[in-house]
Every structure is written in structure tokens, then in C-alpha cells.
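Trainee: Got a structure here, written out as C-alpha cells. Questions coming.
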Amino acid sequence: MRHKISLASEPDAIGPALDELESCLIEDGVSTEHVLEVRLLGEEAITNVVKYAGAASMALEVQVTREEIVVVLRDNGKPFDPASTESPDLEASLADRPLGGLGIHLIQSLSDAVSYSREEDQNVLRLTKRR
Amino acid sequence: MESRQVGDVTVISPRGFINAHTVRQFEQALTQALEDGHEKILINGSGLAYIASAGLGVIMGFIEDVRAKGGDIRLAELNDTVFNIFEVLGFNHLCQVLASEQEGVESYQAEPAS
């Protein structure tokens, strides 16, 4: 099933959009663990756009097949490729650990595939989670 | 967000999500414990759906201070999703994760008083 959720790029829009994403996943028979993980992936990706991209709006598409869950987030903000960001060094001592960048690291770690493209004036981030 | 004392251990029990929207309450619960002189902190994750990077950042921000005061931040009763997040991000090397609240409380009692 394919679902599309549109939202404004503002903090108050995040919760309702994630609730809608969760409903779509439950409706499509996704397991509780994967529902939570995909909700978290969506949350980190949307939060990054709201905080840093300066976008006016964005749209979340979710497609559930027997093999995988694919979430595509499109926004019209500044170009930003999270797939190219270096992971923070988690083996570093506490004092040297960066506080930022965790969200992107979480997206990269929890997704089975992350791809980014710039299409016309939009960032297109595609996250794939195997079922 | 419930916070209670079990002996000298402060048990904080978040509900639902710790994310950008709710992280301030989590931060306040930790701040309050420290202000009250309680440095042995146990997060009971039985009611926690997941913890987003905002919440993980708060743990990272607090843990050095807490340890410098002779305490710690430990976690117990994490669901599979939260445990998986901890594992993939390497947080299980940063914080002790215990199976139950009782084990978490006992892990502090097993240590000599600081």
C-alpha cells in the first residue's frame, strides 16, 4: 500500500504526521517493533528538515510491501545529503563525543538503505527498512 | 514522567516517546534528581516506546556530571526497539542496561558507598 502525508515544516506538525504514519503502518500489518522503528526514522528525518532545511513544506510517502517498508521524505529546503554525513565516533571518550549528528547516525544505523537525491528544488530522502 | 525513590536510587519512568517534543520533561526529571542530591539514576523503560536522538543527547549531556558526583545513569526494562537503538548506536557501551528495575536498583547497592 502507498500512503502520502503532507505537512508544514514546523514543530507542531511533526507529532500528527508521525501519528498518521503509524496508523498507515498498522493498517498495513507491520509488526509493532518495525512500526516504532519506522516512526523513529520518520521522526529523525522530519525533525532534521524542520530544524535545519528552512523548507516551507514537505511530504512523506510510505510504501509497504511484503519485503520492505520504504519511506520517502521530500522537502523544498536547502540541499542536504544525510547519506554523506560521517558517523560520529562512538568509541571516542565521552568528552570527545559530539552531541549533534546523532539523529543522522540513528537514521543510517536503523535503516537497511538510505539514499538521497536532489530533484529540481527538492531534497528526496529514501529510507528502506526490511521487514 | 513519574519519578520516585527506591532506597537511594531515583527511578524515572518515561511514558511513550522521548523525542524533541517531550525531551524537556526528561531533562527536568534528571535536573530535579541532581538538585535533590540524588545521583544514582535508573531509567525504567517499561513504558517507553522509543527514545529519539534528542533524548540520547540528554543522557550524553548528563552522564559525565552524574559520574563525576559518584553516581550513574542506568537503564532497565527496555523494549526491543529501544534496546536495538542502544545497540546500533553503541550506547550499550556508554550506559549499563539491566533486565529489570530490581536488577538496576541492586546494581547500585552492590557498589561500595561513595
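The values are calculated or read from the model by the stated rules, or taken from the named source; none is laboratory data. From a predicted model like this one, the values you see are computed outputs, not experimental measurements. When we count neighbours, we look across all protein chains shown, and the Cβ atoms used for this are built from the backbone with ideal geometry, even at glycine. Accessible surface areas use protein heavy atoms only, side chains included; no ligands, DNA or RNA. Shrake-Rupley method; radii C 1.70, N 1.55, O 1.52, S 1.80 Å.
Trainee: Which lysines have a Cα lying under 18 Å from the Cα of B:Lys40, excluding residues fewer than 8 positions away in the same chain?
Mentor: B:Lys69
Trainee: Shifting gears a bit: On full extension of the chain, what length is gained from B:Gln102 through B:Lys69, given 0.36 nm per residue of separation minus the C-alpha to C-alpha distance? Write out the running numbers ahead of the final one.
Mentor: On the way: separation 33, 0.36 × 33 = 11.88 nm, distance 2.29 nm.
So the extension gain works out to 9.6 nm.
Trainee: Peptide B:81-92: average number of partner chain Cβ atoms within 10 Å per residue? Don't skip to the end; give the middle numbers.
Mentor: Values: counts 9, 2, 0, 5, 6, 0, 1, 6, 8, 8, 2, 0.
The shielding value for this peptide is 4.
Trainee: For region B:2-107, what does the alpha-carbon gyration tensor say about shape, rounded, prolate or oblate, given a ≥ b ≥ c as the root eigenvalues, a/c under 1.5 as rounded, and a/b over b/c as prolate?
Mentor: Numbers: a/c = 1.36, a/b = 1.22, b/c = 1.12.
It is rounded, given that a/c, with a ≥ b ≥ c, falls under 1.5.
Trainee: Describe numerically, in nm with one decimal, the distance between label points set 7 Å from Cα along Cα→Cβ at B:Asn92 and at B:Asp80.
Mentor: 1.4 nm
Trainee: Please work out the FRET efficiency for the pair A:Glu10 and A:Lys78, using the Cβ-Cβ distance as r and a Förster radius of 25 Å; give the result to the nearest 0.05. Before the final figure, lay out the partial values.
Mentor: On the way: r = 16 Å, r/R0 = 0.65.
Once the sixth-power term is evaluated, E becomes 0.95.
Trainee: Another question about this same structure. Only four residue types carry charge here, +1 at the Cβ of Lys and Arg and -1 at the Cβ of Asp and Glu. Report the dipole size of the protein assembly as shown about the Cα centre in Debye, rounded to the nearest 20.
Mentor: Details: 20 positive and 40 negative charges, 75 e Å.
Charge dipole, the protein assembly as shown, about its Cα centre: 360 debye, nearest 20.
Trainee: Same structure again: In the P(r) worked out for the protein assembly as shown, what percent of Cα pairs fall beyond 27 Å? Working shown, then result.
Mentor: Values: 11116 of 29890 pairs.
Across the protein assembly as shown, Cα pairs with separations above 27 Å total 37 percent.
Trainee: What is the mean number of Cβ atoms from other protein chains located within 10 Å of the Cβ atom of each residue in peptide A:30-42, rounded to a whole number?
Mentor: That average works out to 3.
Trainee: In percent, what relative contact order does region B:2-107 have, based on Cα pairs under 8 Å that are 6 or more apart in sequence? Show your work: numbers first, answer last.
Mentor: On the way: 164 pairs, mean separation 28.6, N = 106.
Here the relative contact order equals 27 percent.
Trainee: Hey, can you find the accessible area per residue of region B:2-107 for me, probe 1.4 Å, expressed in square angstrom? Could you put the intermediate results ahead of the total?
Mentor: Details: 4340 Å² over 106 residues.
On a per-residue basis, 41 Å².
Trainee: For chain A, compute Rg over Rh where Rg is the Cα radius of gyration and Rh is the Kirkwood radius from the inverse mean 1/r over Cα pairs.
Mentor: Details: Rg = 14.6 Å, Rh = 15.1 Å.
The Rg/Rh ratio comes out at 0.97.
Trainee: Give, ordered by residue number, each residue of region B:50-67 whose 1.4 Å probe accessible area is reduced by a minimum of 30 Å² on adding the remaining protein chains to the chain alone.
Mentor: With the partner chains in place, region B:50-67 has these residues losing at least 30 Å²: B:Tyr50, B:Ser53, B:Met60, B:Glu64.
Trainee: Here is a follow-up. Evaluate E = 1/(1 + (r/R0)^6) for B:Gln109 and A:Thr32, where r is the Cβ-Cβ distance and R0 equals 35 Å; express this FRET efficiency to the nearest 0.05. If you can, show how the numbers build up before the last one.
Mentor: On the way: r = 34 Å, r/R0 = 0.97.
Result of the calculation: an efficiency of 0.55.
Trainee: Chains B and A: buried accessible surface, both sides, probe 1.4 Å, rounded to 100 Å²? Can you show the working numbers first?
Mentor: Numbers: alone 6010 and 7500 Å², together 11560 Å².
Result for this pair: about 1900 Å² buried.
Trainee: On to the next question. Could I have the simple spin-label model distance between A:Ser57 and A:Ser117, label points 7 Å from Cα toward Cβ, reported in nm to one decimal?
Mentor: Here the answer is 2.2 nm between the modelled labels.
Trainee: How high is the relative contact order of chain A, in percent, counting Cα pairs under 8 Å that sit 6 or more residues apart? Walk me through the numbers before you get to the answer.
Mentor: On the way: 215 pairs, mean separation 34.8, N = 131.
It comes to 27 percent, rounded to a whole number.
Trainee: A follow-up question, please. List the DSSP H helices in chain A whose Cα atoms stretch 20 Å or more along the helix axis and whose mean Kyte-Doolittle hydropathy is at least -1.0. Don't jump to the answer; show the numbers that get you there.
Mentor: On the way: long enough: A:11-27 (25 Å, 0.27); A:32-48 (24 Å, -0.05).
Correct list, ordered by number: A:11-27, A:32-48.
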